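Visitor: Please read through the structure below; I'll follow up with questions.
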Amino acid sequence: MRAAAALQGLNLFAVVPVARYDAAVQAATRASLIDPAARSIVVLGNGGGDFWTAFTRHAARNPGWWERENPLDDFTREVVDREVAEPLRDAALRYTVVHPFMHGGARTLNFVELGKAAGIAGPSILGVVVHPRFGPWIAFRAALLLDVMLDVPGAAHGFDPCPGCVPRSCISACPVGAVSFPAGWDVPKCLTHRVEAEPDCAGRCHARVGCVLGPEHRYPDDELAYHQMRALRAMRPYYETHIKPKVRG
């Protein structure tokens, strides 16, 4: 599975027992609610731009792919279902696939806590998790629930870099001061700026780019713009409902 995933740019791979993950999250996101027979969770992610390269090649070979509503999510599903899960099918093992971008009200997992429990990433003050090698340039793509017991922690097990970081250049990089230590990411301040002054952060998150971890693995510009666009699309409804100042009548 690890080899099949890496060929597609899914170069972050770890396995955590269900019991360890379930103990770290609220009841609504426990793996046992999705698959009561599951005993371990394979966590798949990408570090750096390799997965984006695989995706853009796939889109170039398949006319119309970019016009899909969720082209990167659809590619992720295809890769996981076709390539990564093949060894499980060959071994006649039962599995359940879960993605962080589940639609239609389907249950999903808390991928931030899952990544920390599996050792794929550690916490940061940026609002995203970080990896010892790739820094903030990582993303979770899928989890596979297995009814066999495995425990294969990743390289970020116990990784917690921000308290010991000296420059904390991410703080000064944010144009609106939405990142601080130890408080972390100020969601209302960030979202207000993103929605009301969108061009300033349209191409990239300046604080994320300012992180001292893994700058050589920064996503390519077109990938940064894609993720920022998708993030803004999700931010707008939350801003309108929870943050936007109400006009008194």
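The values are calculated or read from the model by the stated rules, or taken from the named source; none is laboratory data. The model shown is predicted, which means the values in this text are computed figures rather than measured ones. As a convention, Cβ positions derive from the backbone with ideal geometry for all residues, glycine included, and neighbour counts pool all protein chains shown. Heads up: the accessible areas ignore ligands, DNA and RNA and are worked out on the full protein's heavy atoms, side chains in. Shrake-Rupley method; radii C 1.70, N 1.55, O 1.52, S 1.80 Å.
Visitor: If we keep just the residues of segment 104-141 that are farther than 27 Å from P220 by Cβ and of a type in the set (D, E, K, R), which is surrounded by the fewest Cβ atoms within 10 Å (Cβ to Cβ)?
Guide: The qualifying residue surrounded by the fewest Cβ atoms within 10 Å (Cβ to Cβ) is R107.
Visitor: Still on this structure, I have one more. May I ask you to verify whether T192 is buried (at least 18 other Cβ atoms within 10 Å of the Cβ) and part of a helix (DSSP H, G or I)? Walk me through how you get there before you give the answer.
Guide: On the way: buried (at least 18 other Cβ atoms within 10 Å of the Cβ): yes; part of a helix (DSSP H, G or I): yes.
Yes.
Visitor: Would you be able to tell me the number of residues in segment 31-65 that are farther than 25 Å from L88 by Cβ, among the charged types (D, E, K, R) and open to solvent by less than 20 Å² (accessible area, probe 1.4 Å)?
Guide: 0
Visitor: Cβ-Cβ distance below 8 Å, separation of 6 or more or different chains: which pairs start in segment 221-232 with a residue that is farther than 12 Å from G49 by Cα and surrounded by fewer than 16 Cβ atoms within 10 Å (Cβ to Cβ) and end on one that is modelled with pLDDT of 95 or more and small (G, A, S)?
Guide: Pairs that qualify, where the first residue is farther than 12 Å from G49 by Cα and surrounded by fewer than 16 Cβ atoms within 10 Å (Cβ to Cβ) and the partner is modelled with pLDDT of 95 or more and small (G, A, S): there are none.
Visitor: Continuing with this model, one more query. Every residue in segment 66-103 that is acidic (D, E), within 21 Å of V148 (Cβ to Cβ) and open to solvent by 60 Å² or more (accessible area, probe 1.4 Å), please.
Guide: Narrowing segment 66-103 to residues acidic (D, E): 67, 69, 73-74, 78, 81, 83, 86, 90.
Remaining after also requiring within 21 Å of V148 (Cβ to Cβ): 81, 83, 86, 90.
Residues satisfying the conditions are D81, E86, D90.
Visitor: Quick one: which residue in A207, A234, A225 is touching a Lys or Arg at 6+ places or on another chain (Cβ under 8 Å), in a helix (DSSP H, G or I) and small (G, A, S)? It would help to see each step written out before you state the result.
Guide: Working: A207 fails: touching a Lys or Arg at 6+ places or on another chain (Cβ under 8 Å); A234 fails: touching a Lys or Arg at 6+ places or on another chain (Cβ under 8 Å).
On inspection, the qualifying residue turns out to be A225.
Visitor: I'd like to know if segment 19-27 contains one or more residues that are part of a helix (DSSP H, G or I), of a type in the set (F, W, Y) and within 17 Å of the chain's Cα centre (by Cα).
Guide: yes
Visitor: Taking only pairs six or more apart or across chains, which ones have beta-carbon atoms under 6 Å, a first residue in segment 116-132 that is at pLDDT below 95, and a second residue that is part of a strand (DSSP E or B)?
Guide: So the pair list comes out as G127/W185.
Visitor: Would you pick out the residues in segment 175-189 that are assigned to a loop (DSSP other than H, G, I, E, B) and either within 20 Å of the chain's Cα centre (by Cα) or under 16 Å from C162 (Cα atoms) (or both)? Please lay out each step first, then the result.
Guide: First, pick out the residues of segment 175-189 that are assigned to a loop (DSSP other than H, G, I, E, B): 175-178, 181-183, 186.
Of everything in segment 175-189, those that are assigned to a loop (DSSP other than H, G, I, E, B) and either within 20 Å of the chain's Cα centre (by Cα) or under 16 Å from C162 (Cα atoms) (or both) turn out to be A178, F181, P182, A183, D186.
Visitor: Separate question: Considering segment 89-102 alone, what residues qualify as being assigned to a loop (DSSP other than H, G, I, E, B), free of Cβ contacts under 8 Å to residues at least 12 places away in the same chain and farther than 20 Å from Q26 by Cα? Step through it out loud before you land on a result.
Guide: Initial filter on segment 89-102 (assigned to a loop (DSSP other than H, G, I, E, B)): 91-94, 99-102.
Applying the additional criterion that residues be free of Cβ contacts under 8 Å to residues at least 12 places away in the same chain yields 91-92, 102.
Residues satisfying the conditions are A91, A92.
Visitor: Which is under 24 Å from K116 (Cα atoms) and in contact with a strand residue (DSSP E or B) (Cβ under 8 Å, 6 or more places away or on another chain), of F51, F101? Spell out how you get there, then give the answer.
Guide: Details: F101 fails: in contact with a strand residue (DSSP E or B) (Cβ under 8 Å, 6 or more places away or on another chain).
That would be F51, the only listed residue that is under 24 Å from K116 (Cα atoms) and in contact with a strand residue (DSSP E or B) (Cβ under 8 Å, 6 or more places away or on another chain).
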